[in-house]
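These notes concern the structure reproduced below.
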Amino acid sequence: MNKEDVIKIYKAIGAEKDKGNVKFRYVLLKNENIIKSEIEALIEIENGIDKIIEPLNKKRGELIKEIGSLNEATNEYTIKPEETEKINEFTERFKAIQEKYKDSIAEYNRSYAEYKEMLKEDLETPLNLFEVKIENCPEDLQTESLEIFMKCEIIK
């Protein structure tokens with residue numbers, strides 16, 4: 001099992017842990033606790049990578065707020081596709097921001113590529129996950145979650 005599988009399991013558990021009978025929920029909660037330390041380490045790495053690009057994202061958000069208009073339904077500033085003049089202005093002004101932060105962008109891209117490669121690595125210590133019988137699974141279990149649980153041998 002690799003680190004990417006752990007992320008998939010964690011997301012599937014999050015989506016399914018409120019479904020089904022007590023036995024099913026119990027197994028998912030126990031497994032969630034087992035993989036929590038691995039997930040926390042990966043989240044910490046992701047947050048560190050995101051911080052690299054945070055100043056650029058802040059400047060981009062300020063630029064959208066300056067050029068765009070408030071969508072009251074979503075409470076977000078946007079530039080509508082039909083506003084070509086605004087899109088062109090944004091594109092031109094954002095190029096300058098990208099140039100200013102080109103080293104940060106390069107560092108982010110490098111770090112993210114390393115992170116993606118790291119996710120392909122097998123876990124240092126195998127996880128001993130609890131199993132649940134298929135008959136204890138809820139009927140509304142998502143197909144994607146079912147596939148993940150079967151691949152990782154949570155469902156027997």
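For this structure, a couple of remarks:
- Rounded to the nearest 10 degrees, the angle from helix 3-16 to the longest Cα principal axis of the chain is 80 degrees.
- Cut-off under 5 Å, modelled amide H: who pairs with Val132 long-range: Ile155, Lys156
- Treating r as the C-beta distance of Asn21 and Met1 and R0 as 25 Å, the FRET efficiency rounds to 0.45.
- In degrees, nearest ten, helix 84-100 long axis to first principal axis of the chain (Cα): 80 degrees
- Cα gyration tensor shape of the stretch 1-144, rounded if a/c is under 1.5, else prolate or oblate by comparing a/b with b/c: oblate
- Most tightly packed first, judged by the mean number of other beta-carbon atoms within 10 Å of their residues, the peptides 40-47, 105-112 read 105-112, 40-47.
- Accessible surface of the chain [probe 1.4 Å, protein heavy atoms]: carbon and sulfur percent: 48 percent
- Potential extension, Asp103-Lys58 segment - 0.36 nm per residue separation minus Cα distance: 14.6 nm
- Prolate/oblate/rounded label for the stretch 62-156 (Cα gyration tensor, a/c 1.5): oblate
- For the stretch 4-156, the solvent-accessible area of protein heavy atoms averages 68 Å² per residue (probe radius 1.4 Å; ligands and nucleic acids excluded).
The values are calculated or read from the model by the stated rules, or taken from the named source; none is laboratory data. The model shown is predicted, which means the values in this text are computed figures rather than measured ones. Counting neighbours? That spans all protein chains shown, and the Cβs are built from the backbone with ideal geometry, glycine included. The protein model used for the area step is the full one, side chains on, heavy atoms only, and it has no ligands, DNA or RNA in it. Shrake-Rupley method; radii C 1.70, N 1.55, O 1.52, S 1.80 Å.
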